[in-house]
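The values are calculated or read from the model by the stated rules, or taken from the named source; none is laboratory data. As the structure is a computational prediction, the values presented were derived from the model and not from experiment. All Cβ positions, glycine included, derive from the backbone under ideal geometry; neighbour counts span all protein chains shown. The accessibility values were calculated without ligands, DNA or RNA, using every heavy atom of the protein model including side chains. Shrake-Rupley method; radii C 1.70, N 1.55, O 1.52, S 1.80 Å.
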Amino acid sequence: MQMTSAELTDLMIDSAQNAIITTEEEFNLTLDGSEQSIDLVDDVILSWLGRYKDQALEENAVFTICNIYGAYIGEIFRNKVGGTWAYDESDPDAPYVVLNYAGNTYAFAGICYQRLVNDSQVSARSYYDQALANNMQ
């Protein structure tokens, strides 16, 4: 069953709120919805590895971590410039949520995945800044 656009938006808002609550509970850090707080997201993503080691890389944990922080960053972007959440089903075996804006698609959860799983040098903040720059020219 496919979600409506409104249901998906509500889910992403709830997921962003989960990022705020979880970060406070796990790391005693406050995500305040500001662009500056995205710097904290980069740190927190790696903190999951520091605290939970291999458990943070289990499939369900990766999915949850990447989706809540991707939603958090995406909601900051959406509140600043706009956009709509959508499913990218180009790979039917691995659909994922993206934010569409002005003809571009942003995979904020995907960049969190890259930082968590593949390369700790990848920055969600840099990705956000580039997405913003693409739309502020």
Original post:
So is residue 42 under 18 Å from residue 113 (Cα atoms) and within 14 Å of the chain's Cα centre (by Cα) or not?
Top reply: yes
Subject >> Tally of residues being within 15 Å of the chain's Cα centre (by Cα), among the aliphatic types (A, V, I, L, M) and more than 18 Å from residue 106 (Cβ to Cβ) across segment 3-39 >> reply: 3
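So that you can scan it fast, the table gives a plain yes or no per residue for (1) assigned to a helix (DSSP H, G or I); (2) open to solvent by less than 70 Å² (accessible area, probe 1.4 Å); (3) touching a Pro at 6+ places or on another chain (Cβ under 6 Å):
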{"position": "2", "(1), (2), (3)": "no, no, no"}
{"position": "9", "(1), (2), (3)": "yes, yes, no"}
{"position": "12", "(1), (2), (3)": "yes, yes, no"}
{"position": "15", "(1), (2), (3)": "yes, yes, no"}
{"position": "19", "(1), (2), (3)": "yes, yes, no"}
{"position": "24", "(1), (2), (3)": "yes, no, no"}
{"position": "30", "(1), (2), (3)": "no, no, no"}
{"position": "33", "(1), (2), (3)": "no, yes, no"}
{"position": "41", "(1), (2), (3)": "yes, yes, no"}
Original post:
Here are 54, 129: which of them is open to solvent by less than 70 Å² (accessible area, probe 1.4 Å) and among the charged types (D, E, K, R)?
Top reply: 129
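If you take the residues in segment 82-126 that are without any contact (Cβ under 8 Å) to a residue 24 or more places away in the chain, out of contact with any Phe, Trp or Tyr (no Cβ under 7 Å at 6 or more places or on another chain) and not in a loop (DSSP other than H, G, I, E, B), which one is surrounded by the most Cβ atoms within 10 Å (Cβ to Cβ)?
Taking the candidates together, the pick is 114.
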Original post:
When you scan segment 127-137, how many residues do you find that are over 19 Å from residue 15 (Cβ atoms) and part of a helix (DSSP H, G or I)?
Top reply: 6
